[in-house]
Amino acid sequence: MSGSGRFLSGSTMGHVVRMTMTGAAGITFVFLVDATNLFWVSLLGDARLVAAIGFAFAIQFFSVSSGIGLMIAATVLVSRAIGARQRDAARRLAGSAIVVACVVQAAMAAAVITFRYDLLQLAGARGETLDLAARYLLFTVPSLPLMVIGMVASGCLRAEGDGKRAMYVTLTSGGVSVFIDPLFILVLGLGLDGAALGLTVSRIVLMTTALIWATRVHDLIAVPSLRDTLADLRPYMMVAFPAILTQMATPFGNYVLTAVLAPFGDDAVAGWAVVGRLTVVAFGGIFSLSGAIGGIFGQNFGAGRYDRLITTYRDAMIFCFGYTLVVWGLLVLAGDAVGRAFGLTPGGAEVLHAFTHVGAGAFLLTGAFFVSNAAFNALGRPTRATVLTWIRDGALTWPVATWMAGIFGAVGVIYAQAVLGVLIGVVSALWGWHFVRNLDPSRLEVEPAVRRGWLDPNSYRRR
């Protein structure tokens, strides 16, 4: 396998579209399977079961998002090393990243399991719904370390530019779920426990397939040694920590929104659970966009191709607008039918309708927020992404959601999410564009190698 990066030549729009659509195909299929899982549970005719998954998702979202942050860091650093033609450094860092990510997720899983009742009660879960959500977390959270291994390995595939096999990783795990979820939930009569078991099996498949393709096809992951892992721990976490903080802001905002919505009853929370699944299915292309272009940014940054950083940012924004317009139109047409399919009551259907007709449109600028965050993470300014995300999801979500829920009821939560998405989207898009355009190659130079060949994300020096 050549050590040169495949993103260093050719159309940047072509790379953006190819990597994003392969990523979207994979992630959309997985989330579609997840939504189907919720559909099977809804067929049991108990709104408390659907609400329990909604509450559990609000908690587990934190752990999954931290895993995404760990994957982003691995993708960024491995892609930089590949762009700088440091293949051995890329392999070593990939192996170290897997070990560190697994340990971090194991610690987080232990914390969630220990405090699951407290966390669920803070989110507004009560009575039998609380017990059901806690049981679901107990069955699914222990598999998070396995999932993050697969995520990091898949991120390494994207760093290499192999979007096709990264897509196959998620398609394979999702394909397994298509068959085992209805088997466990309905045929075997396991109900909510069957949904949890099916999720665990799919995560095991995700890990296995990602490792096989990353190691056997590209030889991209070196067997980690304790010495290398300890040496790479600090530089890896310098990128991973702010990336994790950035990713954790979104589940925090979701947690807050769930808590604001909870007083409106299980029916409203059930509608919110469907909105959560529909969001990730419909906008899989936007969610995959940031991860997809991270490798493009990283390789060209490592190679010093500043001109291609600008065109990548521009093309990603164009793709984002076009994709969102198409999806928004489809949601307006299909939203009410989705509500009927999930058996939502009027309270839940009202929440869903607000999302498909209003909230989805905010992704025109929410997507721009993801693009700018990808640029900041890949180009050595991850704290900017952290600040923007926490302003939106940490500082502003609670007051705005509480205010708008007081005016509009349960649907006010959807409106608040949309308003914040638009406002922060505008700010982040402009800030990101200014940052990328002003990376001046005549004044700034990336250190070719520090710490045994590893590329420091903040290692700029004045010439």
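A short reminder: the numbers here are calculations on the coordinates, not readings from a lab. Here the structure is a predicted model, which means the values were calculated and not measured. No Cβ is skipped: glycine too gets one built from the backbone with ideal geometry, and neighbour counts run over all protein chains shown.
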**Fully extended contour minus Cα-Cα distance, from residue 111 to residue 438, at 0.36 nm per residue** = 113.5 nm
**Item:** Extension gain, residue 217 back to residue 128 (0.36 nm per residue minus Cα-Cα distance, nm)
**Value:** 27.2 nm
**Message:** Suppose R0 equals 25 Å. What FRET efficiency, 1/(1 + (r/R0)^6) with r the Cβ-Cβ distance, do residue 103 and residue 204 give to the nearest 0.05?
**Reply:** 0.85
**Asked** Which option, (i) 44, 24, 21; (ii) 36, 25, 19; (iii) 41, 23, 21, is the value of semi-axes √(5λ) of the Cα gyration tensor in Å that was calculated from these coordinates?
**Response** (ii)
**Asked** Under 5 Å between amide H atoms, partner at least 5 residues away or on a different chain: which partners does residue 220 have, H built in plane at 1.01 Å?
**Response** 215
**Request:** Grab the Cα-Cα distance for residue 426 and residue 340, subtract it from 0.36 nm times how many residues apart they are, and report the gain in nm with one decimal.
**Result:** 27.5 nm
**Asked** What FRET efficiency would be calculated for the residue pair residue 193, residue 88, taking the C-beta separation as r and a Förster radius of 45 Å, to the nearest 0.05?
**Response** 0.45
**Request:** With r as the distance between the Cβ atoms of residue 121 and residue 238 and R0 = 35 Å, compute the FRET efficiency 1/(1 + (r/R0)^6) and round to 0.05.
**Result:** 0.50
**Request:** Order by neighbour count: 149, 407, 82, 204, fewest other Cβ atoms within 10 Å first, most last.
**Result:** 407, 204, 149, 82
**Prompt:** Where does each of 177, 42 land when they are ranked from fewest to most other beta-carbon atoms within 10 angstrom?
**Reply:** 42, 177
